[in-house]
1. Can you pull out the residues in region 51-62 that are buried (at least 18 other Cβ atoms within 10 Å of the Cβ) and part of a helix (DSSP H, G or I)?
2. Output the residue which, of all residues in region 29-46 that are part of a strand (DSSP E or B) and in contact with a helix residue (DSSP H, G or I) (Cβ under 6 Å, 6 or more places away or on another chain), is nearest to the ligand (Cβ to nearest atom).
3. Which residues, taken from region 55-88, are out of contact with any strand residue (DSSP E or B) (no Cβ under 7 Å at 6 or more places or on another chain), away from the ligand (no atom under 14 Å from the Cβ) and in contact (Cβ under 8 Å) with a residue 60 or more places away in the chain?
4. Could you check how many residues of region 63-91 are under 20 Å from residue 28 (Cα atoms) and surrounded by fewer than 18 Cβ atoms within 10 Å (Cβ to Cβ)?
5. Examine region 217-238 for a residue that is under 30 Å from residue 20 (Cα atoms) and assigned to a strand (DSSP E or B), and state whether such a residue exists.
6. All but one of (1) in contact with a strand residue (DSSP E or B) (Cβ under 7 Å, 6 or more places away or on another chain); (2) in a loop (DSSP other than H, G, I, E, B); (3) at negative phi hold for residue 266; state the number of the condition that does not hold.
7. Please give the number of the condition residue 204 fails out of (1) farther than 18 Å from residue 138 by Cβ; (2) at pLDDT 95 or above; (3) part of a loop (DSSP other than H, G, I, E, B).
8. For region 122-141, enumerate the residues that are assigned to a strand (DSSP E or B) and within 15 Å of the ligand (Cβ to nearest atom).
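The values are calculated or read from the model by the stated rules, or taken from the named source; none is laboratory data. This is a predicted model, so every value here is computed, not measured. Using ideal geometry, Cβ is built from the backbone for each residue, glycine included, and neighbour counts are taken over all protein chains shown.
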Ligand SMILES: [Zn+2]
């Protein structure tokens, strides 16, 4: 694939696709929206290989796409801006109206990824289910992000991983947010730390469970389903099944943000506990809760999120 500067990407947008000419939903798997998160594309490859190896009698279709091709090649989160932002109708219209020479690297990636998604939407009948696969700079178990009061909230309880609610209140313009607004089921999932091999096996387990829960493959056909569930149960242990985002620490340009060492996703924190520092001094937790996405990499827009457990009896 030729890029604007004539460089050739060694990685392709399409990871692969699998279907058996049986009607059913389309599961779109997106990996590597952030280039330093190689576990997503790897998990997608493993599942597609597994589907072909059996081979499975699949209802519908599975399509795997890579997100940020130049960043995946360079193994960096992004080159010029975060590809998982600016997914609003206005921003997209704006990008498509711009001259090619005015576009940033990630503007081009966004236009190309959106075209690949639109091609799937126009080819297949639906319904469409999207899983956007990620990993985190901090250590910790797998979890999922859900936008809005999605009807899939109840269904996701069978996924064995904590579900983060209310992300759209603190983070706008994500790809998942955009797809949810278009009426699709879209879930963001985090497999674990970027380079941990568990991140790949956790994401792979989540995809197999999605294939079964969403009816693309028969549960009895999937011999390893209990293994997939056990993998996630072992990683998640006693964590709450649903948590809500209460606070986001936004980073400002050159604010010298430095996360205090040793925080993992879901660690409990006290109100007033020092979590990080920047040029303004120490940054304390505004309230008690759990920490999510502590930033241990150079690039990012938030230093951390604070989350709180949702009581089990709160019905969606
Ligand atoms: Zn990511």
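1. Residue satisfying the conditions is 51 alone.
2. 31
3. Matches in region 55-88: 56, 57, 59, 69, 70, 73, 86, 88.
4. Selection size over region 63-91: 1.
5. No, because not a single residue in region 217-238 is under 30 Å from residue 20 (Cα atoms) and assigned to a strand (DSSP E or B).
6. Checking residue 266 against (1) in contact with a strand residue (DSSP E or B) (Cβ under 7 Å, 6 or more places away or on another chain); (2) in a loop (DSSP other than H, G, I, E, B); (3) at negative phi, the one that fails is (3).
7. (3)
8. 130, 131, 132, 133, 134, 135, 136
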